[in-house]
Amino acid sequence: MIYHGNRFTLRQDASPEQIEEALESLRNQGRVIPSVKSFVVGRDFGGEFEWGATFVIEDLDGYWEYLIHPAHRNTDRVGLPLVDKFVSFDITDDEDPEMGAKIAALHQKRYDSDPELTKLVSGLGEYSGSAAPGSHGEK
């Protein structure tokens, strides 16, 4: 299993309506993407971030389905313009020592095929983690 997580803070000028639209889009990802086995979207406590989301996905094929699903793309469109600081992470019980690199390669493949997404991501104040462009899933 792969637990794909995001932690983020929003720009101060994001309206309550925009925030709710973005959070609802994240929740919708969990409801409609077939490869998502379970999910949580909500407040992030105990750190420097305001919000978080975690999606449980069975394998790399499901991860790719999650990444390219239209519901995920909608969240990118409505959510990324509101984000100031963003970090992504993946936790897995798969023992493949190359899993981090494989996950990073899926994200890079997505960026390479979607210039609009790359432009949205480049507008973030700070972005790090497994999904960051150019990442290799390593620290």
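Observations on the model:
- With a Cα cut-off of under 18 Å and a minimum spacing of 8 residues unless on different chains, the lysine pairs in the chain number 4.
- Relative contact order %, region 40-105, counting alpha carbon pairs below 8 Å whose residues are six or more apart: 19 percent
- Overall dimensions of region 36-98, expressed as equivalent-ellipsoid semi-axes from the Cα gyration tensor (√(5λ), whole Å, largest first), are 22, 17, 11.
- Shape summary of the chain, radius of gyration then Dmax from alpha carbon positions: 14.0, 43 Å.
- Other-chain or far-sequence residues with amide H under 5 Å of GLY129's (modelled H): SER88
- Candidates SER25, SER88, SER113, ranked by Gaussian network fluctuation over the chain, Cα under 10 Å, top entry: SER113
- Mean residue ellipticity at 222 nm, helices only, the chain: -13000 deg cm²/dmol; runs of at least 4 DSSP H residues each add -39,500 (n - 2.57), and the sum is divided by the number of residues.
- Among VAL83, VAL32, VAL78, VAL41, the ranking by other beta carbons within 10 Å of each residue's beta carbon, starting with the fewest, stands as VAL32, VAL78, VAL41, VAL83.
- Qualifying chymotrypsin sites (Phe, Trp or Tyr not before Pro) in region 32-110, DSSP loop, other Cβ atoms within 10 Å at most 12: PHE45
- In the chain, Cα pairs under 8 Å separated by at least six residues give a relative contact order of 30 percent.
- DSSP beta bridge pairing in region 2-129, given as percent antiparallel to the nearest 5: 85 percent
Each value in this text was obtained by applying a stated rule to the coordinates, not by laboratory testing. Computed from a predicted model, the values in this text were never measured in an experiment. Glycine also receives a Cβ, built like all others from the backbone with ideal geometry; neighbour counts cover every protein chain displayed.
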